[in-house]
Amino acid sequence: MFIILLCSNIFIYTGCNFSAGAKADLATGLATTYQGFSIEDAYVTIEDSTGETKLGTNEIPLGKVVNVRITGVDNFAEKEGKVFPGCTIILSDTSGKELLNLPDIFESQNGGVKKEDATNLRAKLTTGEPMMPGEKYLLHTRFFDKKNKDSEIECKIFLIIK
């Protein structure tokens, strides 16, 4: 799915292994909040045949692949040397009607992953029907820890389809 980069940082630390904060990207409108995790950055990229490019706007061409990227993720609960990330993706139109609701795109990883494999998380969306050029859509992505219900990273951005 889509999401874009963050420029401002607000960090609140309440203990050694817990953090909470918010980031906002004024250029794209991406708003990210997190609790229980620490993160380095959150941003949106667009893919093409040459790779990925960070976005500096919330305007997305129809048919393009958009990625929400979270880097430097830490503080997952560990079990037997593994961590258990999850990710929900919801896309809605301006009336609030859900066009897409994926409860956990990482569901196939129920056996967990190595901690180092969960430091950089990605949610991926290909724009297309029923999205329409000129329309605005809310992309809501939520990364979470399946072993600690209080740990999550939420990203929200309004996308304008070109």
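Quick notes on this one:
- Protection proxy ranking, highest mean first, for peptides 71-84, 31-44: 31-44, 71-84, where packing is the per-residue count of other beta-carbon atoms within 10 Å, averaged.
- Computed from the Cβ-Cβ distance with R0 of 22 Å, the FRET efficiency linking residue 138 to residue 64 stands at 0.80.
- If the chain linking residue 148 and residue 79 were pulled fully straight, counting 0.36 nm for each residue of separation and taking away their Cα-Cα distance, it would gain 23.7 nm.
- Short-range pairs are left out: with C-alpha atoms under 8 Å and at least six residues apart, the relative contact order of region 8-161 is 26 percent.
- Size check on region 85-136: the Cα extents along the three principal axes, sorted descending, read 41, 17, 15 Å.
- Where GluC sites (Glu not before Pro) fall in DSSP loop in region 104-161, at most 16 other Cβ within 10 Å: 135
- Ordered by the count of other Cβ atoms within 10 Å of each Cβ, fewest first, 117, 145, 48 give 48, 117, 145.
- Close Lys-Lys pairs in region 63-118, where close means Cα under 27 Å and separation is 8 or more or interchain: 5
- With each label modelled as a point 7 angstrom along the Cα→C-beta vector, the residue 113-residue 57 pair spans 3.1 nm.
- Gain on full extension, evaluated as 0.36 nm per residue between residue 47 and residue 156 minus their Cα-Cα distance, stands at 37.3 nm.
Every number in this text was worked out from the coordinates using simple rules, so none of it is lab data. Nothing here was measured: the structure is a model prediction, and the numbers come from that model. No Cβ is skipped: glycine too gets one built from the backbone with ideal geometry, and neighbour counts run over all protein chains shown.
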